[in-house]
Amino acid sequence: MRVNLEARAAAAENRRAQTRARLIEAAISVILEKGHESASIEDFVAAAGVSRGTFYNYFPTIEDLLHHLNSQISEELNQTLGPALAGIEDPAALLAAVVHRILATFVADPVRGWLALKIEATALPRQAVFEARFNAIHGAAVARGRFRDCDVAAARNLVFGGFRMAQRDIVMGEAGPEHAVDLVALMLIAFGLTPEEALQISRDAFEAARA
């Protein structure tokens, strides 16, 4: 009897996982088609083929669903960064590598790029995983004298804001991928690097991200 109960529990959990995945996939297609502002719960449940009650069992509000999507995209991106950043000791080069590799991911996967762009337009909180990564890089850069000491929140807003505008322009085809080379170089210059070194670091990170 114990085996049967465990098997039933496992089967129920598997069904829940499948339903959640179906809702997520449906949400992606709806948001890409209509945008987050025009999409309704009816759109999501119709696309997923579930009832409204089922939707509420997993996501109490549309904002909860969007937050889950945003977290999922961020976690997937963060996981891909680990191996790519291994061995980079200079925090300035590390920051350049992070920005260029995330932008390169969106260029290579336009669907994900569009989805991230649409979700970023919401009032959802920023993703802690990337804030923590930036804070660590900035702290190390200041400690080693690579960046001038400044308020970390201001530094973070500079990088995140610049990244989001570049993401928008590149995804929408208003700028080419190489637009990011000058953008990242300008970020590094603002933090205290010389224009020549900043441009070289950015160029190297850009090429490595697309190798």
_Residues located in segment 135-153, provided they are without any contact (Cβ under 8 Å) to a residue 12 or more places away in the chain and in a helix (DSSP H, G or I)_ = Ala136, Val142, Ala143, Ala153
*Which condition number does Ala132 fail, the rest of (1) modelled with pLDDT of 95 or more; (2) open to solvent by 50 Å² or more (accessible area, probe 1.4 Å); (3) assigned to a helix (DSSP H, G or I) being met?*
(1)
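Do we have Val184 as in contact (Cβ under 8 Å) with a residue 40 or more places away in the chain and over 16 Å from the mean Cα position of the chain (by Cα) here?
yes
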_Members of segment 194-211 that are closer than 27 Å to Val111 by Cβ and either hydroxyl-bearing (Ser, Thr, Tyr) or surrounded by fewer than 16 Cβ atoms within 10 Å (Cβ to Cβ) (or both)_ = Ser202, Glu207, Arg210, Ala211
*Options Arg112, Arg168, Arg52; residue that is in contact (Cβ under 8 Å) with a residue 24 or more places away in the chain, open to solvent by 60 Å² or more (accessible area, probe 1.4 Å) and at negative phi*: Arg168
*Taking segment 171-193 as the search range and keeping residues that are part of a loop (DSSP other than H, G, I, E, B) and not hydrophobic (A, V, I, L, M, F, W, C), which one is nearest to Ala104 (Cα to Cα)?*
Pro177
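Here is a list: Ala46, Ala86. Which entry is surrounded by fewer than 17 Cβ atoms within 10 Å (Cβ to Cβ) and within 30 Å of Glu13 (Cβ to Cβ)?
Matching residue, one of Ala46, Ala86: Ala46.
The values are calculated or read from the model by the stated rules, or taken from the named source; none is laboratory data. As the structure is a prediction and not an experimental result, all values here were calculated from the model. Methodologically, a virtual Cβ is constructed for each residue, glycine included, from the backbone with ideal geometry; neighbour enumeration extends over all protein chains shown. SASA here: full protein model, heavy atoms, side chains in, ligands and nucleic acids out. Shrake-Rupley method; radii C 1.70, N 1.55, O 1.52, S 1.80 Å.
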